[in-house]
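Peer 1: One structure is given below, represented as structure tokens, and several questions about it will come after.
The values are calculated or read from the model by the stated rules, or taken from the named source; none is laboratory data. These numbers were taken from a predicted model, which means no experiment stands behind them. Here the Cβ positions follow ideal geometry from the backbone for every residue, glycine too, while neighbour counts run over all protein chains shown.
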Amino acid sequence: MNHGDSASERFEALLEAARPPTGGVTFEQIAFEVAPLLPLLSELPAEDRAGGDYESFAFRECFAVLMLLGRRLALLDLTPTATIQIVLLALGSVAESDESPTDGFARPVVAAAVEGFVLGREERVAQTAEARAAKPLKPLRIDEAAFALIASGVHEPAALSECVDALGRAMLNADVDVAIVDLTQLGEPNRERAAAVFAADEITRMLGGACFFTGVDSRWRAAAEDARVPLDVLQIAPDLAGAISAAREIARRSTEGANPKWRALLDRLRR
């Protein structure tokens, strides 16, 4: 039996004939994900597959790729039934003519794919939960004086960095000089999270503005110290009300000191 490309062609033909439910994932994408597995299955002698001794390197490598395939199909949001069907089609595309793709070796093959699928499903659930939790983290306009970022829960540093960047963009677009970052309800301070949230000070300074932090308790101070964030140069307010009051005072002074003609010209250019 020829292997290599012929196994890929047989798999694609079997996939087209079986048409498992893929939830919108194309058969081309499925074939792409399965492609690394087919040569490994093809290189395993039929007698070894039937023997039940799967401790050799070739089998371990094959099972590792099966786990990765199961994980990838879970991340693509396929169902367990569709995943098992696809794995059996892959096995059937390289099986000898007298070998059943649903007996013997198929059991550990399916078990490895399902194990990877479970890991991928857990990863996908975690990603979905993280995205849902981060969705409400948007800058809030505090009247005309400032934008505030009020975070709650536990978020990965990357999500916090994106929120801080969004805060800077909102300030730039609205020509607001003051930001408020409230950490009161933000959980599990560590070095990476501290570096992410306190970066708001650098961003506002680049915009020529000021940033007030609230909720900076002993845990956040320790995390900031670990991240080498110089808290002594940051503006830390005792609470959110104090930060808003300070923001309004800065806005008042800025308005009083502005050149009316320059402001009028700027407003005209923005139209």
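Peer 1: State all residues of the range 203-217 that are of a type in the set (A, V, I, L, M, F, W, C) and either in contact with a Pro (Cβ under 7 Å, 6 or more places away or on another chain) or within 16 Å of A237 (Cα to Cα) (or both); if no residue qualifies, say none.
Peer 2: A210, C211, F212, F213, V216
Peer 1: Right, another one. Which condition does N173 not pass, out of (1) surrounded by 13 or more Cβ atoms within 10 Å (Cβ to Cβ); (2) free of Cβ contacts under 8 Å to residues at least 60 places away in the same chain, if it passes all the others?
Peer 2: All conditions pass for N173, except number (1).
Peer 1: For the range 178-193, give me each residue that is within 14 Å of L149 (Cα to Cα) and surrounded by fewer than 20 Cβ atoms within 10 Å (Cβ to Cβ).
Peer 2: Those that are within 14 Å of L149 (Cα to Cα) and surrounded by fewer than 20 Cβ atoms within 10 Å (Cβ to Cβ): T184, Q185.
Peer 1: Could you list, in sequence order, the residues of the range 194-231 that are loosely packed, with under 14 Cβ neighbours inside 10 Å and either under 21 Å from D177 (Cα atoms) or touching a residue at least 60 places away in the same chain (Cβ under 8 Å) (or both)? Spell out how you get there, then give the answer.
Peer 2: Going through the range 194-231, the residues loosely packed, with under 14 Cβ neighbours inside 10 Å turn out to be 202, 205-206, 208, 217-218, 225, 228, 230.
The answer is E202, R205, M206, G208.
Peer 1: Of all the helices (runs of 4 or more DSSP H) wholly in the range 136-242, which have at least 2 residues that are modelled with pLDDT of 95 or more and out of contact with any Lys or Arg (no Cβ under 8 Å at 6 or more places or on another chain)?
Peer 2: Correct list: 191-206, 218-226.
Peer 1: Next question, about the same structure. Looking only at residues in the range 14-28 that are in contact (Cβ under 8 Å) with a residue 40 or more places away in the chain and within 26 Å of the chain's Cα centre (by Cα), which one is farthest from T81 (Cα to Cα)?
Peer 2: V25
Peer 1: Output the residue which, of all residues in the range 176-189 that are in contact (Cβ under 8 Å) with a residue 60 or more places away in the chain and not hydrophobic (A, V, I, L, M, F, W, C), is nearest to A210 (Cα to Cα).
Peer 2: Here the answer is D177.
Peer 1: Further, regarding this structure: Pick out the one residue from A58, A74 that is assigned to a helix (DSSP H, G or I), at pLDDT 90 or above, among the small types (G, A, S) and in the same structural domain as T26 (by TED's automatic domain parsing). Please lay out each step first, then the result.
Peer 2: Numbers: A58 fails: at pLDDT 90 or above.
The unique qualifying residue is A74.
Peer 1: While we're on this one: Among the residues of the range 77-111, count how many are modelled with pLDDT of 85 or more and not in a helix (DSSP H, G or I).
Peer 2: 3
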